[in-house]
Amino acid sequence: MKLQKATRCALFAILELAGDPGRQMSAHEIADKYGISTNHLAKVLRSLGRAGLLEAVRGAGGGYRFSGSVKRTTLLDVIQLFETIDPLARGEREDGDGTPGGGALCEVLTEIEDIARATFASISLETMLKLVDKKR
């Protein structure tokens, strides 16, 4: 499964900020650290803010800080803000292309999507932060 650029940016930013909830960072600081566009990241950060995962801090030295719960927030919570993890919602027909092979393939792809959704829902930001620490 390949995640869209906006989703990857959101995950980078949320993990960066959730790792130290008291710290705030500007979109520019996060973008520089991960080599991504500040303008694109700013749009992503606004979406995360509207979802209640980040808080925007205005004024001199302002930026964003994590406002969610690392224990309760899952990868799925972040990913589904930017991705559709459901082949039927993307307009694919339940019976594939109307052939037995297409129907079977659609059934397998739906099962894969269900497994991916369950996996993303089972991994909290807390778990991800532990994995990040192991990689340092």
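With all pairs of separate Cα atoms included, the chain yields a Kirkwood hydrodynamic radius of 16.3 Å.
Between Ser26 and Tyr64, the built amide H atoms are under 5 Å apart, and every one of these is 5 or more places off in sequence or on another chain.
Only Cα pairs under 8 Å and 6+ residues apart enter the sum, and on that basis the relative contact order of the chain stands at 25 percent. Among the trypsin sites (Lys or Arg not before Pro) in the stretch 1-65, those placed in a DSSP loop whose Cβ has at most 11 other Cβ atoms within 10 Å are Lys2, Arg58.
FRET efficiency for the pair Ile112 and Lys43, taken as 1/(1 + (r/R0)^6) with r the Cβ-Cβ distance and R0 = 35 Å, rounds to 0.75.
In this structure the amide hydrogen of Leu54, modeled in the peptide plane, comes within under 5 Å of the amide hydrogens of Gly49, Ser67, none closer than 5 places in sequence on its chain. Computed 3J(HN,Hα) for the stretch 53-69, one whole-Hz value per residue from the Karplus formula 6.51 cos²θ - 1.76 cosθ + 1.60 where θ = phi - 60°, is 8, 10, 10, 7, 10, 8, x, 4, x, x, x, 10, 9, 5, 10, x, 10, glycine and proline marked x. For Thr73, the amide hydrogen comes within under 5 Å of the amide hydrogens of Leu125, counting only partners 5 or more places away or on other chains and with H modelled in the peptide plane.
Every number here is computed from the coordinates shown, using simple stated rules; none is lab data. Everything quoted here is computed from the prediction, not taken from an experiment. In this analysis, Cβ positions are derived from the backbone assuming ideal geometry, glycine residues included, and neighbour counts consider all displayed protein chains.
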